[in-house]
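The next block holds one structure in the form of structure tokens; read it before the comments.
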Amino acid sequence: MEKKRFIFDLDRTLLTCNYELVERKLFEPKFKDNTTWLMENIGKLLDEYETIYPRYNDQVLSEYLVNETGLAFTPEIIREWAHTMRSEADTMEDGVIEVLDYLKSKDKSLIVLTNWYGSAQIQRLKNADIFDYFDEVLTGEYQLKPHPMAFLRAIGDYDPRECVVIGDSISKDYNGPRVHGIESILYDKDDVHSNNYVKIKKLTDLKKRY
């Protein structure tokens, strides 16, 4: 069946931020000697939260992080964390503009499905001057991958077979949609994953497929 809607992950698929630099600048004044441990574990903690909870909520995330780390992760720190991400410079992945132009020329519906806060993600897309390519940006306050509602909301009125998800996470962007009958493609630019996955090393490879 012809693919009509292309659902893109954002982080490390369209844009990449130096998260370690951004988060260390935020966390060091607040958590002092615990910062190094926190930096080593924050990614895993967020992955676990996203598996357990269906959406991001400042209070729930705060309580979860306090319980898991023993640190004073207040809702105010969560909001500052999201806000800080808005203004940091991103690196755009190779081929983003080329493939978005190509898909729009084919009259495809393009959306972003991302697990972080909309206040940050929408502004980052605008800063990169690619926001207007997308019909919709679905963010973590409303649904989190790999929960089913994230993908059901992402396909909208389209048949699942008319949609494809492109992203760098095996659990969230690759396996998650396939459970619901949605095609997925793993963006594996460093070629570190098995060839058993349907994957691309360059975003422009999508032009060969569609």
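The values are calculated or read from the model by the stated rules, or taken from the named source; none is laboratory data. None of the values given here were measured: they were computed from a predicted structure. Here the Cβ positions follow ideal geometry from the backbone for every residue, glycine too, while neighbour counts run over all protein chains shown.
Structural remarks
- Checking each residue in segment 52-91 for being modelled with pLDDT of 95 or more and closer than 24 Å to PHE151 by Cα picks out ILE52, TYR53, PRO54, ARG55, TYR56, ASN57, ASP58, VAL60, LEU61.
- Selection from segment 182-199 of residues that are hydroxyl-bearing (Ser, Thr, Tyr) and at pLDDT 95 or above: SER184, TYR187, TYR197
- Filter result for the condition that a residue is in the same structural domain as VAL99 (by TED's automatic domain parsing), exposed (fewer than 14 other Cβ atoms within 10 Å of the Cβ) and either modelled with pLDDT of 95 or more or more than 25 Å from ASP101 (Cβ to Cβ) (or both), over VAL179, VAL165: VAL179
- Subset tally (residues that are surrounded by 14 or more Cβ atoms within 10 Å (Cβ to Cβ) and not in a helix (DSSP H, G or I)) for segment 1-43: 15
- All of (1) out of contact with any helix residue (DSSP H, G or I) (no Cβ under 6 Å at 6 or more places or on another chain); (2) in contact (Cβ under 8 Å) with a residue 12 or more places away in the chain; (3) closer than 18 Å to LYS3 by Cβ hold for LEU206 with one exception: (1).
- Residue pairs meeting the criteria (Cβ under 8 Å; at least 6 apart or on separate chains; first without any contact (Cβ under 8 Å) to a residue 24 or more places away in the chain, in segment 130-144; second in a helix (DSSP H, G or I) and surrounded by 15 or more Cβ atoms within 10 Å (Cβ to Cβ)): PHE131/ILE122; PHE131/LEU125
- Per the listing LYS172, LYS207, the residue uniquely over 16 Å from ASP9 (Cα atoms) and assigned to a helix (DSSP H, G or I) is LYS207.
- Filtering segment 194-209 to residues that are surrounded by 14 or more Cβ atoms within 10 Å (Cβ to Cβ) and either more than 24 Å from LEU152 (Cβ to Cβ) or basic (Lys, Arg) (or both) leaves LYS199, ILE200, LYS202, LEU203, THR204, ASP205, LYS207.
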